[in-house]
Amino acid sequence: EEGQPWKINLKSLKKHNNLTDMYLLGSLTNASVLFPESLVELTLSHSKLENDPMKILKDLPNLRSLSLLAESYEGEKMICKSKSFPQLYVLKVWNLKQLKNWLIKQQALPSLRQLEIRSCPGLTNLPFGLWHVKSLLELTLTNMSKEINIGIYRLPDNCKVRRDNSQ
């Protein structure tokens, strides 16, 4: 109501084969919600997930855009496992206040073109292993620590880096 998060109690969505886009604003009371493989775009906001969303969503074969917005995840660590997110082009990670560590394993995110990290104060380094993502064309850091030294990361030569309002 009026843009405020709700408590969302969803059953499995696995059988909704025609569902391609989903925006959920509210805490997921059933954190093991099974999303349909047909999803192309997914946005989570205020979901308050306690388990790593990368582990929950990694095998969605058609997912091309994933946005993890304010309070969608309340943990300190995320891991993108090898061969996860095969079609993901755009990844936005915004306002995850508790996030401190992010690991990207070799062969993860093989299609990623755009990565935007915004207002994640606990994240004082780029995701460890980001250099494995050879397809990355654009990295945007907004309201992130000035301590993040882009030069020490082996980003692809054609990757454009933008920093906005760095703290």
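The values are calculated or read from the model by the stated rules, or taken from the named source; none is laboratory data. Everything quoted here is computed from the prediction, not taken from an experiment. A quick note on method: Cβ atoms are made from the backbone with ideal geometry, for glycine too, and the neighbour counts reach across all protein chains shown. The protein model used for the area step is the full one, side chains on, heavy atoms only, and it has no ligands, DNA or RNA in it. Shrake-Rupley method; radii C 1.70, N 1.55, O 1.52, S 1.80 Å.
Key figures
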| item | result |
| --- | --- |
| Any hit, the range 120-127, residues being in contact with a strand residue (DSSP E or B) (Cβ under 6 Å, 6 or more places away or on another chain) and in a loop (DSSP other than H, G, I, E, B) | yes |
| Unmet criterion (only one of (1) out of contact with any Cys (no Cβ under 7 Å at 6 or more places or on another chain); (2) under 16 Å from Leu109 (Cβ atoms)) for Met54 | (1) |
| Count - residues of the range 105-136 that are of a type outside the set (A, V, I, L, M, F, W, C), under 22 Å from Leu44 (Cα atoms), out of contact with any Phe, Trp or Tyr (no Cβ under 9 Å at 6 or more places or on another chain) and open to solvent by less than 70 Å² (accessible area, probe 1.4 Å) | 1 |
| Residues within the range 88-104 that are farther than 17 Å from Glu76 by Cα and open to solvent by 70 Å² or more (accessible area, probe 1.4 Å), tallied | 1 |
| Counted residues, the range 143-162 - those being open to solvent by less than 90 Å² (accessible area, probe 1.4 Å) and assigned to a loop (DSSP other than H, G, I, E, B) | 9 |
| Looking only at the range 1-23, and only at residues there that are at pLDDT below 85 and among the aliphatic types (A, V, I, L, M), the one that is nearest to Leu57 (Cα to Cα) | Leu13 |
| Selection count, the range 26-54, where residues are open to solvent by 50 Å² or more (accessible area, probe 1.4 Å), within 16 Å of Ser67 (Cβ to Cβ) and either modelled with pLDDT under 80 or in a strand (DSSP E or B) (or both) | 1 |
